[in-house]
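Structure record follows, encoded as structure tokens.
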């Protein structure tokens, strides 16, 4: 883990402090990291072959599905 | 306008991205202003596991699994930002209520936690896939005052239920 300094205006600092006071983030550092992850996700999204949920469903529609839904169908007798 | 709260169980959310059938009703709820959709933070873990399991079974390549995970996470964030979906936390009283549901309805822990999240958040309906629909006892509807819908049901059924 590296430590980096970030220059912030008063307004930016107040905004981040408010997020922390509202309980949305544990610290200013965590709030900044959340924004960073959002940017990283956006960049990553550009490499993904789908733009919408219907495109995702269409992409996987012909896939031979071993498991139906989220779990293996099972029955508990006990 | 008072919104109708609909709880999306993780299997219903999964239908939104991966299954050919069952996405229509979920899409409808998310896109109609009359509905307020909720799910539990627990759904995120169940979906994550659903993706990993398919990767383990070679149903998905690791690249597809990673792409799907990123897409779902980002799409969920966008739905939350657009106020189309709310993520419910898991608090102590949710666990207490879920325990009661396990005892009363012989539910699996995960089903009980989803049902507890839905009833505590005062949802009028819970959307589940067809497999879960068949597993949930109809006495739940009468005792807990929540309508259980299968994602395989028609939009008209949901409209009729809430007189839309």
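The values are calculated or read from the model by the stated rules, or taken from the named source; none is laboratory data. In this text the structure is predicted, and so the values were computed from the model without any measurement. In this analysis, Cβ positions are derived from the backbone assuming ideal geometry, glycine residues included, and neighbour counts consider all displayed protein chains.
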Note on residue B:121: of the conditions (1) within 14 Å of chain A (Cβ to nearest Cβ); (2) touching a strand residue (DSSP E or B) at 6+ places or on another chain (Cβ under 9 Å); (3) surrounded by 14 or more Cβ atoms within 10 Å (Cβ to Cβ), unmet is (1)
Residue hits (region B:89-114; touching a strand residue (DSSP E or B) at 6+ places or on another chain (Cβ under 7 Å) and outside any loop (DSSP other than H, G, I, E, B)) are B:113, B:114
For region B:14-26, the count of residues that are within 9 Å of chain A (Cβ to nearest Cβ), in a helix (DSSP H, G or I) and touching a residue at least 60 places away in the same chain (Cβ under 8 Å) equals 3
For residue B:163, the lone unmet condition from (1) touching a residue at least 12 places away in the same chain (Cβ under 8 Å); (2) surrounded by fewer than 21 Cβ atoms within 10 Å (Cβ to Cβ) is (1)
Of (1) crowded, with 18+ Cβ neighbours inside 10 Å; (2) part of a helix (DSSP H, G or I), residue B:66 fails just (1)
Filtering region B:116-143 for residues that are at pLDDT 95 or above and in a helix (DSSP H, G or I) leaves a count of 5
Counted residues in region B:74-96 being without any contact (Cβ under 8 Å) to a residue 24 or more places away in the chain, in contact with a helix residue (DSSP H, G or I) (Cβ under 8 Å, 6 or more places away or on another chain) and either buried (at least 19 other Cβ atoms within 10 Å of the Cβ) or within 11 Å of chain A (Cβ to nearest Cβ) (or both) come to 2
Residue B:10: passes all of (1) within 12 Å of the chain's Cα centre (by Cα); (2) more than 11 Å from every other protein chain (Cβ to nearest Cβ) but (2)
Among residues of region A:21-59 being within 10 Å of chain B (Cβ to nearest Cβ), in a loop (DSSP other than H, G, I, E, B) and surrounded by 12 or more Cβ atoms within 10 Å (Cβ to Cβ), the residue nearest to the chain's Cα centre (by Cα) is A:48
Yes/no for residue B:31 being over 18 Å from residue A:69 (Cα atoms) and in contact (Cβ under 8 Å) with a residue 40 or more places away in the chain:
yes
Residue B:61 fails exactly one of (1) over 17 Å from the mean Cα position of the chain (by Cα); (2) at pLDDT below 95, namely (2)
Of (1) in a helix (DSSP H, G or I); (2) within 12 Å of chain A (Cβ to nearest Cβ), residue B:29 fails just (2)
